[in-house]
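Colleague: This is the structure I have questions about; it appears just below.
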Amino acid sequence: MICPYCETDKDRVIDSRASEGGRVIRRRRECLACKKRFTTYEQVEQSTKLLVVKKDGAREPFVRDK
């Protein structure tokens, strides 16, 4: 992660815990350069539709019954 204070990418995770019913992970981080702490939240990206890529490169929506 990039530090919001000094913009370096050297940090360590101090604490991790689930929140919002286990859908989000909250991580407390400490920048190794400036020693400031900040919080990040991680969650799964929700895809709108699944697509199937055919051998010829064509894409079509996934149909479970097919």
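The values are calculated or read from the model by the stated rules, or taken from the named source; none is laboratory data. Since the model is a prediction, treat every value here as computed from it, not as a measurement. Cβ sites come from the backbone with ideal geometry, for glycine too, and all protein chains shown count toward neighbours. In case anyone asks, the SASA skips ligands and DNA or RNA and just uses the protein heavy atoms, side chains included. Shrake-Rupley method; radii C 1.70, N 1.55, O 1.52, S 1.80 Å.
Colleague: Of GLY57, PRO4, ILE14, which is farthest on the positive side of the dipole of the chain, counting Cα position, with +1 on Lys and Arg Cβ, -1 on Asp and Glu Cβ, and the Cα centre as origin?
Modeller: The residue sitting most towards the positive pole is ILE14.
Colleague: How much length is gained if the chain between THR39 and ILE25 is pulled fully straight, taking 0.36 nm per residue apart and subtracting their Cα-Cα distance, in nm to one decimal?
Modeller: Fully extending the segment from THR39 to ILE25 adds 4.0 nm.
Colleague: Right, here's the next one. Would you indicate which of (1) 32, 28, 17; (2) 54, 30, 14; (3) 26, 23, 21 is the value of Cα extents along the principal axes in Å derived from the coordinates of this structure?
Modeller: Read-out taken from this structure: (2).
Colleague: Per residue of the stretch 31-39, in order, report the coupling 6.51 cos²θ - 1.76 cosθ + 1.60 (Karplus, θ = phi - 60°) as ³J(HN,Hα) in whole Hz, putting x for Gly and Pro.
Modeller: 6, 7, 7, 9, 6, 7, 10, 8, 10
Colleague: Continuing with this model, one more query. In the chain, what percent of the accessible surface is made up of carbon and sulfur (1.4 Å probe, ligands and nucleic acids excluded)?
Modeller: Within the chain, the accessible surface is 48 percent carbon and sulfur.
Colleague: What lysines could a cross-link reach from LYS35, if we take a straight Cα to Cα line under 28 Å and drop same-chain neighbours fewer than 8 places away?
Modeller: Straight-line reach from LYS35, under 28 Å: LYS10.
Colleague: Please state the charge dipole magnitude for the chain, taken about the Cα centre, from unit charges on C-beta atoms (+1 on K and R, -1 on D and E), reported in debye and rounded to the nearest 20.
Modeller: 140
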